[in-house]
Each structure stands twice: as structure tokens, then as C-alpha cells.
Amino acid sequence: MPELPEVETVKRTLNELITGKTIAHVEVRLPRIIQKPDDIQQFETLLQGQTIETIERRGKFLRFVLTDYVMVSHLRMEGRYGLYAGDDPLEPHTHVLFRFTDESELRYKDVRQFGTMHLFPKGDELTQPPLVKLGLEPLDEAFTLEAFRGVIGHRATKIKPLLLNQAYIVGIGNIYVDESLFLAGIHPEREASSLSKKELALLHEAIIRTLQESVEVGGSSIKSYVNGQGEIGLFQHQLNIYGRQSQPCKTCGQEIVKTVVGGRGTHICLTCQPLKPKRSRKKS
């Protein structure tokens, strides 16, 4: 599933490709992709004549900001957007087409068919599902250490599932949680409330660093992710721990193990991420 760095990369790519274009026609070929409004013809009609002002991101969601509306799009497992010439052959699994007045087309493809689109009058999208209950944005200025401690530090919940909970912090995802916890030297089964102030500061810094570094190289193409221009991300070549089970840790040389935490596959170096904190960390 595309996580924050991948969705951020798609956002930036689409801004380069389609900002300023005006929609002339919309064709929905798979109605269940459209979650709001219920009437597919209304979705198609409301978008006609709308100009794309910008593309923004909230967590793992894309926000297409139009003249009068905002379309909220979730790529889910394998959804992807691409810009095509209007006469390009239609590829398999193409479910929604947005034809622009210049005769180019933005096409949404989704092999797994799990992606969603919601259309709202401008301003309403932040007060209703699916965006209304999302938590802190880890790449925003508001993601301060104090804010991070406020939503995480006092909870008697394992730290990994807590970081994956979109109601607290958005968009990190499984890859980047494993990477961040490794950089911070924290075992994913530690209770959040057991973390010292120093450990929370290390984790806060590790989350920001990991996400920023991934965004800089276009995200991770672990499976089928590509950006709006069909280009893969490169962060998978920089991973310290995710997907490296049975390989030596880059820091200490011990074998990386894979287990399940909170129902998610989890990669751990038991030497660098001890389940119990070291004494020096307890005193911090």
C-alpha cells in the first residue's frame, strides 16, 4: 500500500502534470470506486468544467482541489494515476477517466479495485469521513516533540500498532514504522508509556528523518508502486531493516528477525532494539 512518502510523491508529480487543467468530461467505468456522491452520473456531471487548482495530501489521501469541489482519493493497495493522450489505448484495469479540455486524460487504474473517491463541496471534506478523524501530520511544522508526546507518550499500548493508528499520526505505514523504530533503538512491542523522554525524542526525530529521506528519493517501490509518470521510488535501496529478515543488521551484524506485532509483519534487530530499555535510557 502506498504510504505517506509515496502519496506525497504522487501529489508532487500530479501537481506538475495537471494543475491548471480544466475537466471537460468524466467517465466512471467501475462505480464502486466512487463513494460520494451515491449517484455516479452526478459525480461525473459536477466535475465538468472544474479546473484543478492544486493537489494536496492528508495522510495517505490525495486532495484534488478544484474550482468549487475537493475530490478525496485513496489509492489503497495498487491504485495509480497517469496522464495520457486522449487517443492512447486504454490499458486494463482503468476505472475512471478525467478528460481535460486540451484532450489529455488523467486515468485512474487499480488492479485490486480497492481505491476510493469522495467528492465534497470545498471545505466540507475536512469535516466528514474519511478525513475528519485523522491525526497529526508527521511532516508538518505542527508535529512537534510536545505534540508527539501528547498523543503517544502516556498510552499503555504497544508502540508499533500505536504508530500505525491513523487517528494519532497519519501516513507512516508498516515500512516506515519498522525503519523509525530501528533508528530509535526501540523494540516494537514496548508499551508507549514505558518510553523515556529521551526515547520519545529519538523516535520523533527518527520518524521525521525516515519520511523525509524517503520523499527525497520518491518513496519505496516494494511491490507495484510508481508515481504519476510511471517512475519507481528508490528508498527500498536504503532500508535498514524492513524486508531484510535473516540478513545481518547493518549496525551490529546480528541476524534480523521477522515476527508479527499487532497483526503486521515486523522486522527487528534484537540487539539494537532490546525489548527492555537499557539502564542508561531509564535514567534519561
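The values are calculated or read from the model by the stated rules, or taken from the named source; none is laboratory data. Small disclaimer: the values here were computed from a predicted structure and weren't measured. Quick reminder, even Gly has a Cβ in these numbers, built from the backbone with ideal geometry, and neighbours come from all protein chains shown.
Let's see how each residue does on (1) modelled with pLDDT of 95 or more; (2) β-branched (Val, Ile, Thr); (3) under 29 Å from residue 215 (Cα atoms); (4) out of contact with any helix residue (DSSP H, G or I) (no Cβ under 9 Å at 6 or more places or on another chain):
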position	(1), (2), (3), (4)
25	yes, no, no, no
34	yes, yes, yes, no
58	yes, no, yes, no
68	yes, no, no, no
100	yes, no, yes, no
104	yes, no, yes, no
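Condition first: of a type in the set (A, V, I, L, M), buried (at least 18 other Cβ atoms within 10 Å of the Cβ) and under 14 Å from the mean Cα position of the chain (by Cα). Can you find one or more residues in region 115-122 that meet it? No.
Looking across region 166-185 at every residue that is crowded, with 23+ Cβ neighbours inside 10 Å and among the aromatic types (Phe, Trp, Tyr), the one that is nearest to residue 135 (Cα to Cα) is identified as 176. Residues in region 29-53 that are under 27 Å from residue 171 (Cβ atoms) and either in a loop (DSSP other than H, G, I, E, B) or among the hydrophobic types (A, V, I, L, M, F, W, C) (or both): 30, 33, 34, 37, 43, 47, 50, 52. Of the residues making up region 72-101, just one is touching a Ser or Thr at 6+ places or on another chain (Cβ under 8 Å) and among the acidic types (Asp, Glu), namely 78. Selection of first residues in region 25-47 that are in the same structural domain as residue 121 (by TED's automatic domain parsing) and of second residues that are small (Gly, Ala, Ser) and at pLDDT 95 or above, restricted to Cβ pairs under 7 Å at least 6 apart or on distinct chains, gives the following pairs, ordered by first then second residue: 33/115. When region 214-264 is filtered for residues that are among the small types (Gly, Ala, Ser) and either surrounded by fewer than 19 Cβ atoms within 10 Å (Cβ to Cβ) or at pLDDT 95 or above (or both), the ones remaining, listed by number, are 221, 224, 230, 243, 246, 253, 262, 263.
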